[in-house]
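Encoded as structure tokens, the structure appears first; notes follow it.
The values are calculated or read from the model by the stated rules, or taken from the named source; none is laboratory data. Predicted model, so just to flag it, every value in this text is computed and none were measured. Quick reminder, even Gly has a Cβ in these numbers, built from the backbone with ideal geometry, and neighbours come from all protein chains shown. Protein only, heavy atoms only, side chains kept; ligands, DNA and RNA dropped before computing areas. Shrake-Rupley method; radii C 1.70, N 1.55, O 1.52, S 1.80 Å.
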Amino acid sequence: MNDDFEQPSRKIHMVRVSDPARQDQHGGLTSLASEVETGETTWTARLIMFLRAMAVIAMVMGLYNWAQITGFLGGQDGAFEVQTMQWQAATVYFAVIELVAAVGLWLATPWGAVVWLTTVVSLAVVEIMFPSIYGGHFLVVLFAAVLLAAYLALAWMAARERPP
């Protein structure tokens, strides 16, 4: 070997990521969670929580529609086969689209929000324009409008905290 060549000495510092706490500059312990929580993405976190809550609601509504279709809910008078063709078509439509929206919302994907918005608007249109199908409940439309406004507000605030 060549003794003329020396390698510089290197110091390796190992940091344990799994430590729940570490020392700050003054020797006190600080939590890693408090360091990670910077507050810069507060609105994005709120939007994701809202999307997850809407995913749960969409899944429950979709499963409820499927329970009506399969006859799991309702007696002889409320059976799927006894209902009008318009009611059957709307129920099948919402049974499929609600579950697709639930998956997209839970994953917080852009297409999930679009499918959910389509579902909300479709439900409002069916309730207002075709009251003979589901009964024309305006509280359902009001609730859908409040959810839509909440989504738009959260999406706007989340977009503002991210630079273009």
*Is it true that Ala58 is touching a Leu at 6+ places or on another chain (Cβ under 7 Å) and of a type in the set (Gly, Ala, Ser)?*
yes
*asked:* Taking the criterion of being open to solvent by less than 30 Å² (accessible area, probe 1.4 Å) and without any contact (Cβ under 8 Å) to a residue 60 or more places away in the chain, would at least one residue in segment 145-160 satisfy it?
replied: no
_Being part of a loop (DSSP other than H, G, I, E, B) and either at negative phi or at pLDDT 95 or above (or both) is the filter here; which residues of segment 76-119 pass it?_
Gln76, Asp77, Gly78, Ala79, Gln83, Thr84, Leu107, Thr109
*Output the number of the condition that Gly136 fails; it satisfies all remaining conditions of (1) closer than 20 Å to Gln86 by Cβ; (2) modelled with pLDDT of 90 or more; (3) not β-branched (Val, Ile, Thr).*
(2)
*Name, by its number, the condition in (1) open to solvent by 30 Å² or more (accessible area, probe 1.4 Å); (2) under 16 Å from Leu99 (Cα atoms); (3) at pLDDT 95 or above that does not hold for Thr70.*
(3)
*asked:* Looking at Gln83, Gln88, Gln76 in this structure, which one is among the polar types (S, T, N, Q) and touching a Phe, Trp or Tyr at 6+ places or on another chain (Cβ under 7 Å)?
replied: Gln88
_Can you say whether Gly136 is open to solvent by less than 30 Å² (accessible area, probe 1.4 Å), of a type in the set (Gly, Ala, Ser) and touching a residue at least 40 places away in the same chain (Cβ under 8 Å), as far as the supplied structure shows?_
no
